[in-house]
Amino acid sequence: MAYKDYINVYGAGLAGCEAAWQIAKRGIKVRLYEMKPHKFSPAHHSEGFAELVCSNSLRSDRVTNAVGLLKEELYRMDSLIMEAAYATRVPAGSALAVDRELFSAYVTEKIREHENIEVIEREVDSVEDGTVTVIATGPLTSQPMAEYIEKTLGCEGLHFFDAAAPIVSADSLDMGIVYAASRYDKGDADYLNCPMTREQYDAFYTELIAAREAELHDFDRDMQKELKVFEGCMPVEVMAKRGYDTLRYGPLKPVGLVDKRTGEEAHAVVQLRRENAEGTMYNLVGFQTHLAFPEQKRVFSMIPGLENAEFLRYGIMHRNTYIDSSKYLSADYSMKTNESIFFAGQMTGVEGYIESCGSGFVAGVNAAARLRGDDGVIFPRTTMIGAMAHYISTGNMSGAFVPMNANFGIVEPLTYRVKGGKVAKYEVIAKRALDVLPEYADKIGVSIARITETEEKL
């Protein structure tokens, strides 16, 4: 199919700017649409691009951390966002934090000065016919554009609230306590069960109902009011406050779950459900929550078997416009039914600044290839870039698609055990990921020298 000789990118956040940069540096004209400064979302206040609306921390800078590995992959692949982050970083220990104003100014200047990028300051409410397009309008997409996307995908394609339970790493569970069983032994033993004595439940219950909730943004308040009447999305801490036994007759119901090692039914049971086919990740069933992340770690680690659990993703409940991507998007972030339309950023179901940048990188590289009629590139699941793309295009085993941040549970598992503990294992995974980058750099036209210049970090 013949397309117009330019690519439209909607949204100048981290994902949109990364996509526009990757397209423009490949010699293709970009029209970057941004509704600021004429219109602002409830979370945005600056006129600059790539505005960091929450923390100025981009999280860990170590390759033995999942998001740290993603940063390193993107930096080696010539990411604008990572270039800006390292140019404007501030001291933050092992984390990469930036001066948010300098960071935004750096990205804005690079984008506005690029000869192949035209910035158009106006709101959009549809996709231009005959163009390759990257939609990166974010979790607070304006109503007209959200309505267009919903119409394009179908009424079931777009979600406006994000309510998800925490996810833990399988290899961090204490299997001396946790046991596999289905209720009344019906079907396969697909659930892992964490049994609680009365004393353990009492202690857990007391801390749960007293735990500190996450701070609400103004634009989340109406969502919270709506969720209060939606029983299926009720936070576990709100449910607990209805009474001591409410959880025991709900998600922590012990009936029909007998630990064959003891032959007894516990006072309460927390169930874990497999999140992916490999069984590397499990979610806490019924634990949608609005607790602050440190409180989730503290309180949920009181659950027997989860004392040393590694939380790959914390539970969240907030306003978040996102696509049911496993139904609608491919691993290059294009629509399965219209390969000229790409999505990027949190709208795709990736969570976090760097994850959004990663999706914009992949979408931009592949949008450029699409316009030229070239083969695109699907990054392998051995890389964090590829693992994120694989997750959004295939989803999980829990049914409903839920957004995900970078974590080692979504990468392709190793085929052998690594001695030396978790850090040693993650070092091997990181080296495997970075070793494969030169092959993909060649495919997308990135200098091999760029790929190898930071090898000493491992």
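Surface composition of segment 61-119: carbon and sulfur atoms hold 44% of the protein heavy-atom accessible area at a 1.4 Å probe. Once the 1.4 Å probe is applied to the protein heavy atoms, segment 291-355 comes out at 29 Å² accessible per residue.
The order of the peptides 234-247, 353-366, 85-98 by mean Cβ neighbours within 10 Å, most packed first, is 353-366, 234-247, 85-98.
For segment 1-121, the solvent-accessible area with a 1.4 angstrom probe is 40 square angstrom per residue. Between D174 and V90, how high is the FRET efficiency from 1/(1 + (r/R0)^6) when r is the Cβ-Cβ distance and R₀ = 51 Å? Nearest 0.05. Calculated value: 0.85. About its Cα centre, the dipole of the chain is roughly 620 debye, where the only charges are +1 on Lys and Arg Cβ and -1 on Asp and Glu Cβ. If R0 equals 22 Å, the separation of the Cβ atoms of A2 and E115 corresponds to a calculated FRET efficiency of about 0.35. Return the lysines within reach of K431: Cα separation strictly under 23 angstrom, same-chain partners fewer than 8 residues apart disregarded; answer none if there are no such residues. The reachable lysines, counting only those whose Cα sits under 23 Å from K431, are K71, K419, K422, K443, K457. Taking Lys and Arg as +1 and Asp and Glu as -1, the other residues whose beta-carbon sits under 11 Å from that of A389 total -1. Judged by the ratio a/c of the largest to the smallest principal axis of the C-alpha gyration tensor, segment 49-111 counts as oblate, that ratio being 1.5 or greater while a/b is no larger than b/c. Counting only aspartates and glutamates at least 8 places from K327 when in the same chain, those with an alpha carbon closer than 15 Å to its own are E150, E156, E339. The calculated FRET efficiency for Y249 paired with R183, based on their beta-carbon distance and R0 = 22 Å, is about 0.95.
Label-to-label distance, R198 versus E215, with points set 7 angstrom from Cα along the beta-carbon direction: 4.2 nm. Over all other residues within a Cβ to Cβ distance under 11 Å of V365, the charged ones net out to 0, with Lys and Arg as +1 and Asp and Glu as -1. Taken as entire DSSP H runs, the helices of the chain that both span 30 Å or more between Cα atoms along their own long axis and average -1.0 or more on the Kyte-Doolittle scale are 422-444.
Charged side chains reduced to their Cβ positions (Lys and Arg at +1, Asp and Glu at -1) give segment 125-209 a dipole of some 240 debye around its Cα centre.
Given +1 at the Cβ of Lys and Arg, -1 at the Cβ of Asp and Glu and no other charges, the dipole of segment 241-343 around its Cα centre is 340 debye to the nearest 20. Projecting label points 7 angstrom from Cα along Cα→Cβ for K336 and R122 puts them 3.5 nm apart. Per-peptide packing, taken as the mean over residues of other Cβ atoms within 10 Å, places 386-396, 278-288 in the sequence 386-396, 278-288 from highest down.
Quick check for you: which residues of segment 276-311 have the amide N under 15 Å from the point 7 Å beyond the Cα of R261 toward its beta carbon? Correct set: 304-308.
Per-residue ellipticity at 222 nm computed for the chain from its helices equals -10000 deg cm²/dmol, with DSSP H segments shorter than 4 residues left out and the rest contributing -39,500 (n - 2.57). Positive-end ranking of M77, Y416, I354 along the dipole of the chain, with charges on Cβ about the Cα centre, is headed by Y416. Sorted on the mean count of surrounding Cβ atoms within 10 Å across their residues, most packed first, peptides 182-194, 405-417 read 405-417, 182-194. Can you tell me how segment 80-177 classifies by the Cα gyration tensor, rounded, prolate or oblate, using a/c under 1.5 as the rounded cut? Oblate, since a/c reaches 1.5 and b/c is not below a/b.
For N308 and D375, the difference between the fully extended length at 0.36 nm per residue and the C-alpha to C-alpha distance is 19.7 nm. So for the chain: antiparallel DSSP bridges make up what percent, rounded to the nearest 5? Taking every DSSP beta bridge within the chain, about 65 percent pair in antiparallel fashion.
The values are calculated or read from the model by the stated rules, or taken from the named source; none is laboratory data. All values reported here derive from a predicted model rather than from experimental measurement. Glycine also receives a Cβ, built like all others from the backbone with ideal geometry; neighbour counts cover every protein chain displayed. The protein model used for the area step is the full one, side chains on, heavy atoms only, and it has no ligands, DNA or RNA in it. Shrake-Rupley method; radii C 1.70, N 1.55, O 1.52, S 1.80 Å.
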